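Engineer: This structure is in structure tokens; I'll ask about it shortly.
Since every read-out is calculated from the coordinates, none of them should be taken as a lab result. Predicted model only: the values in this text are computed from it and were never measured. Glycine also receives a Cβ, built like all others from the backbone with ideal geometry; neighbour counts cover every protein chain displayed.
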Amino acid sequence: MGVEIKVEGLTKRFGSQVIWNDVTLTLPAGEISVMLGPSGTGKSVFLKTLVGLLKPDAGSIMIQGRDLTKLREHDLYEIRKLFGVLFQDGALFGSMNLYDNVAFPLREHTRKSESDIRSIVMEKMDLVGLSGAESKLPGEISGGMRKRAGLARALVLDPEILLIDEPDSGLDPVRTSYINQLFIDLNAQIDATFLIVTHDINSTRTVPDNIGLLYHKHLAMFGPREMLLSSEEPVVRQFLNAQTIGPIGMSEEKDADELAAEAKSGQELPPLPPIPLQLGTSDGAPRRGERPAGEWCREHGVTPPPGSFQSHNAGVPGVRADTTPTDTTRADVTHSDTAPTDATPTGDAQADSVEEPV
Ligand SMILES: Nc1ncnc2c1ncn2[C@@H]1O[C@H](COP(=O)(O)OP(=O)(O)OP(=O)(O)O)[C@@H](O)[C@H]1O
């Protein structure tokens, strides 16, 4: 069913180096959240802290009424079973074929028979579109397939929480779209709480229910996707729109001289781009975290940037162009020469996507 994770006042240091300070956020049960941040701001450290691999210096992580930071090794071991983790490279054992890699957590952490293990492994391999690749070694397959094998392995213990570190690193844009679709479909099917770390702005704008931004040793903002995509806060605005103008510099914060020079030259951040529709499931099944397009903006009296929530994404698998309040349907489709005219995807579309050899 997915469980809520409530983080309060979390601080992590390595020696005298503060990684982040006083991080407070709630990952809502069953929703997809994305964590962003410039390189080195401690996103991976945050994931490792959530799963109990690193101890924070202060703060709490509440899951099912228990503070994970205070648990003893045995209880921590138990609570870790709620988590599935997908590391950047899939973290597969190079000498084991995919079947054995995916079966590994079941053999390590359960007493299931080999025939039960077989049916679980085959089900998860199928879920990520890797049926038929069981006997391949990690070195014989592409980076995208390794990520999906890592995902299958993260799923075998039926996690309530899925932590995913840079699923799109090293993937081309098409493969990134397939894996994004897979996350949306998986979230609808297993209803777990997802936290994805990514640098991919397009994925961030279209996939999650919530977005967080770590910057300069603190959490700059965390909240619903529409809140961050309509935010005028300079750091959030600069990062989510991939701009050089703004407080974030090449190596961290710009200094006062750099900002003054920028202001003097009259450089300003461009207007906010339209908020795109959120990616839907391939078969149109609803997800728990899904909200009607524009709902957050309406409820909070925020005027979204012009052109928001229109069907520019018609033809993208899973995007239901016909359900949006400001939908102007095909007139808005700017790529009508390449996009299929029927924007309503079918179950087959999903099957095609997961069978694609990535
Ligand atoms: N075990 C460790 N011991 C000491 N320092 C560490 C350790 N793990 C991470 N760090 C430091 O913590 C900081 C944050 O690292 P982290 O990998 O979490 O950043 P990130 O935001 O995920 O970066 P990227 O986007 O480049 O992957 C870095 O300065 C890193 O060197």
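Engineer: If amide hydrogens are placed 1.01 Å from N in the peptide plane, which non-local residues have theirs closer than 5 Å to the one on LEU162?
Structural biologist: For LEU162, whose amide H was placed from the backbone, the distant partners under 5 Å are GLY84, THR193, PHE194, LEU195.
Engineer: Whose amide H sits under 5 Å from the amide H of VAL23, counting only residues 5 or more places off or on another chain, with H placed in the peptide plane?
Structural biologist: Placed amide hydrogens put GLY9, LEU10, THR11 under 5 Å from VAL23.
Engineer: Oh, and also: Can you pull the one-decimal nm distance between simple spin-label points at HIS74 and VAL174, each 7 Å off the Cα toward Cβ?
Structural biologist: About 5.4 nm separates the two model spin labels.
Engineer: Hey, which of these cross-link pairs are over 23 Å Cα-Cα: LYS81/LYS217; LYS6/LYS70; LYS43/LYS147; LYS12/LYS147; LYS6/LYS43?
Structural biologist: LYS81/LYS217; LYS12/LYS147
Engineer: Kirkwood hydrodynamic radius (Cα pairs, Å) of segment 147-195?
Structural biologist: Across segment 147-195, the inverse of the average 1/r is 11.2 Å.
Engineer: Would you pull out the residues with amide H under 5 Å of LEU214's amide H, same chain only if 5 or more places away, H placed 1.01 Å from N?
Structural biologist: LEU36, GLY37, ALA220
Engineer: Once the Cα gyration tensor of segment 143-251 is diagonalised, what are the square roots of 5 times its eigenvalues, in whole Å and ordered largest first, as equivalent ellipsoid semi-axes?
Structural biologist: Listed largest to smallest, the semi-axes of segment 143-251 are 27, 16, 12 Å.
Engineer: Taking the C-alpha atoms of segment 5-222, how large are the radius of gyration and the largest Cα-Cα span, Dmax, in Å?
Structural biologist: Final numbers for Rg and Dmax: 17.2, 51 Å.
Engineer: Next question, about the same structure. Among the trypsin sites (Lys or Arg not before Pro) in segment 97-183, which ones are in a DSSP loop with at most 10 other Cβ atoms within 10 Å of the Cβ? Mind listing them?
Structural biologist: Those satisfying the criteria are ARG111.
Engineer: So, by mean Cβ neighbours within 10 angstrom, what's the order for 14-22, 239-247, 34-42 with the highest one leading?
Structural biologist: Final packing ranking: 34-42, 239-247, 14-22.
Engineer: Compute the length gained on full extension between GLU114 and VAL3: take 0.36 nm times their separation in residues and subtract their Cα-Cα distance, giving the result in nm to one decimal.
Structural biologist: Full extension of this stretch gives 37.0 nm more.
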